[in-house]
Amino acid sequence: SEALRPAVNQLLQRGAERLIGLVSELPREVIHRGRAFFEVGFSTYLTQSYDACRHFKTILNPKIRLDITTHYLSVDLTQSPFNKVIADSLLMADILSGERQKIIITGLAGSGKTMLMRRLVAEFYTTLSNKIPLFIELRDLNAFDGHDIIEFLRHRGGLSDATESSTYFKAAMD
């Protein structure tokens with residue numbers, strides 16, 4: 001967990017600066033309180049999310065966690081409807097730069113969709129970007145009792161009981 005801390009802290013700093021920019025007309029004490037709640041609110045979630053995306057286990061050796069940045073196998077993707085082939089590294093670069101803002105990844109079970117998304121999220125943590133990556137596996141969302149994606153993220157970050165930070169958490173998501 002300590003090895004993940006620098007990337008998470010850097011991401012929190014960028015998010016806090018963005019939040020301060022959005023609410024710069026508020027009194028200074030309100031801004032500092034909001035920043036503290038933002039950092040507390042997101043720190044656990046971001047650390048858990050980064051760790052979940054950065055490390056994975058294999059069927060062959062489920063006890064050893066591997067680092068996705070060193071064990072990821074690049075693939076070529078087919079871009080529909082043009083059947084244009086693009087390397088995953090180029091797609092990730094386009095997404096990280098903001099050139100592509102929305103994508104849909106489809107494929108057969110076991111074809112690498114989740115690994116591609118985990119690799120992309122891990123890149124967001126280490127790339128200077130003004131975006132905060134959210135990695136949500138649908139099976140986890142389906143198992144959640146609530147109906148609000150923000151509440152799901154707060155629950156995942158251990159903040160489901162912290163009602164005061166809900167406003168700041170939602171503001172940071174905008």
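What the table shows:
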quantity	calculated
Test for Ile95: is it under 17 Å from the mean Cα position of the chain (by Cα), modelled with pLDDT of 85 or more, closer than 21 Å to Tyr50 by Cβ and part of a loop (DSSP other than H, G, I, E, B)	no
Test: residue in region 104-118 that is within 23 Å of Phe152 (Cα to Cα) and either assigned to a loop (DSSP other than H, G, I, E, B) or open to solvent by 70 Å² or more (accessible area, probe 1.4 Å) (or both)	yes
Some residue of region 49-57 being modelled with pLDDT of 85 or more and farther than 16 Å from Val121 by Cβ	yes
Some residue of region 149-158 being at pLDDT 80 or above and within 16 Å of Val8 (Cα to Cα)	no
Flag for Leu26 being at pLDDT 80 or above and open to solvent by 30 Å² or more (accessible area, probe 1.4 Å)	no
Flag if Val121 is open to solvent by 60 Å² or more (accessible area, probe 1.4 Å) and either on the phi < 0 side of the Ramachandran plot or without any contact (Cβ under 8 Å) to a residue 60 or more places away in the chain (or both)	no
Candidate set: region 43-96, residues that are within 23 Å of Gln10 (Cα to Cα), aliphatic (A, V, I, L, M) and touching a residue at least 12 places away in the same chain (Cβ under 8 Å); chosen: the one surrounded by the most Cβ atoms within 10 Å (Cβ to Cβ)	Leu46
Any hit, region 84-91, residues being within 18 Å of the chain's Cα centre (by Cα), of a type in the set (A, V, I, L, M, F, W, C) and outside any loop (DSSP other than H, G, I, E, B)	yes
Pick from region 124-153, criterion over 16 Å from the mean Cα position of the chain (by Cα) and in a loop (DSSP other than H, G, I, E, B), ranking: surrounded by the most Cβ atoms within 10 Å (Cβ to Cβ)	Phe144
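The values are calculated or read from the model by the stated rules, or taken from the named source; none is laboratory data. Since the model is a prediction, treat every value here as computed from it, not as a measurement. Quick reminder, even Gly has a Cβ in these numbers, built from the backbone with ideal geometry, and neighbours come from all protein chains shown. Note: areas computed on protein heavy atoms with side chains; ligands, DNA, RNA excluded. Shrake-Rupley method; radii C 1.70, N 1.55, O 1.52, S 1.80 Å.
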